[in-house]
1. With respect to Ala34, is the statement that it is under 24 Å from Ser205 (Cα atoms), touching a residue at least 40 places away in the same chain (Cβ under 8 Å), part of a helix (DSSP H, G or I) and touching a strand residue (DSSP E or B) at 6+ places or on another chain (Cβ under 9 Å) true?
2. Exactly one of (1) surrounded by 14 or more Cβ atoms within 10 Å (Cβ to Cβ); (2) within 19 Å of the chain's Cα centre (by Cα); (3) assigned to a loop (DSSP other than H, G, I, E, B) is unmet by Ala156. Its number?
3. If I filter the stretch 137-153 down to residues being under 16 Å from Arg230 (Cα atoms) and not aliphatic (A, V, I, L, M), which single residue comes out as most open to solvent (accessible area, probe 1.4 Å)?
4. Sort through Ser205, Ser228, Ser162 and tell me the only one that's more than 25 Å from Arg115 (Cα to Cα), in contact with a strand residue (DSSP E or B) (Cβ under 8 Å, 6 or more places away or on another chain) and outside any loop (DSSP other than H, G, I, E, B).
5. Identify the residue in the stretch 170-206 that is hydrophobic (A, V, I, L, M, F, W, C) and in contact with a helix residue (DSSP H, G or I) (Cβ under 7 Å, 6 or more places away or on another chain) and, among all such residues, is surrounded by the fewest Cβ atoms within 10 Å (Cβ to Cβ).
6. In this structure, does Ala43 turn out to be farther than 19 Å from Asn4 by Cβ, of a type in the set (A, V, I, L, M) and either surrounded by 15 or more Cβ atoms within 10 Å (Cβ to Cβ) or touching a residue at least 12 places away in the same chain (Cβ under 8 Å) (or both)?
7. Is there any pair linking a residue in the stretch 97-111 that is in contact (Cβ under 8 Å) with a residue 40 or more places away in the chain to one that is in a helix (DSSP H, G or I), with Cβ under 7 Å and at least six apart or on different chains, and which?
8. Quick one: which residue in Leu69, Leu113 is outside any loop (DSSP other than H, G, I, E, B), hydrophobic (A, V, I, L, M, F, W, C) and within 30 Å of His217 (Cα to Cα)?
Amino acid sequence: MTNNLSVVINADAQQVWTMLREPAKVAQWHGWEAEDQAAEINAIYFGPKVIESADHTSLVVDGGDIFTLKPVPGGTEVSITRAAVDHNSEWAAWDEDITQGWLTFLHQLRFALERHPNGRRKTLFFAVPGTAGSVIDKLGVGDVPAAGEPYSLTLATGEAVSGKVWFRSNHQVGLTVQDYAEHGEGLVIIADQPAIPELRPDGGSLVIVSTYGLGAHRLEEIRAVWDSWRAANYPSTDPVA
């Protein structure tokens with residue numbers, strides 16, 4: 001498995017471009033719901049250093065990373081080319097995290113367009129240190145089938161889930177979950193993060209849950225299941241939000 005920053009989305013290039021160029025659409029796949037999400041989206045995708053190509057096939061975002069759109073059989077290939085690392089920058093130590101983040105967001109973009117193109121997602125998120133090892137393994141998803149294959153398992157949280165494996169990479173697993181949307185499926189991405197000397201010496205992990213069309217009661221049920229597991233295993237970390 002590789003961390004190739006490229007996905008083929010079953011949508012035409014104009015649909016993909018719209019998801020990149022409207023702030024409300026970007027929020028459906030970039031990151032997760034947070035107080036600073038709107039400001040982050042504005043800085044990355046709509047700041048003064050952003051460059052759009054006239055033919056809407058290339059977008060240089062703040063920081064110099066480049067989105068490229070290419071029509072291919074089956075839809076549109078969306079690739080990200082990382083900018084060269086500035087080793088004097090405060091962000092240099094976090095470069096691999098940024099790469100892994102783009103991988104996560106590309107798969108969330110694909111999911112949003114293919115499964116919920118007009119939907120509005122509600123997310124849950126938490127992050128934990130890597131002192132206890134891989135959260136992918138701790139949750140019991142390290143041995144799921146290949147991407148595109150169906151799965152059915154009981155997570156370490158105690159919740160029985162099923163759907164399809166959305167993607168797998170060296171450090172991430174994405175699973176669709178049938179019970180996480182009123183119509184269709186939701187998405188769970190579990191990502192292990194590498195150690196960064198002096199900054200994150202033990203590594204870490206994060207979990208992003210994207211739900212669609214659920215009522216407040218059902219969303220709270222899902223949050224409570226994940227948060228109970230987090231609190232039992234990582235009691236000093238922030239609650240699922």
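1. no
2. Going through the list (1) surrounded by 14 or more Cβ atoms within 10 Å (Cβ to Cβ); (2) within 19 Å of the chain's Cα centre (by Cα); (3) assigned to a loop (DSSP other than H, G, I, E, B), Ala156 breaks only (2).
3. The extreme case among them is Asp137.
4. Ser205
5. Leu199
6. yes
7. Leu109/Met19
8. Of Leu69, Leu113, the one residue that is outside any loop (DSSP other than H, G, I, E, B), hydrophobic (A, V, I, L, M, F, W, C) and within 30 Å of His217 (Cα to Cα) is Leu113.
The values are calculated or read from the model by the stated rules, or taken from the named source; none is laboratory data. What you see is a predicted model; the values in this text were computed from it and never measured. Note that each Cβ is placed from the backbone with ideal geometry, even for glycine, and that neighbours are counted across all protein chains shown. Calculation scope for accessible area: heavy atoms of the full protein, side chains included, ligands and nucleic acids excluded. Shrake-Rupley method; radii C 1.70, N 1.55, O 1.52, S 1.80 Å.
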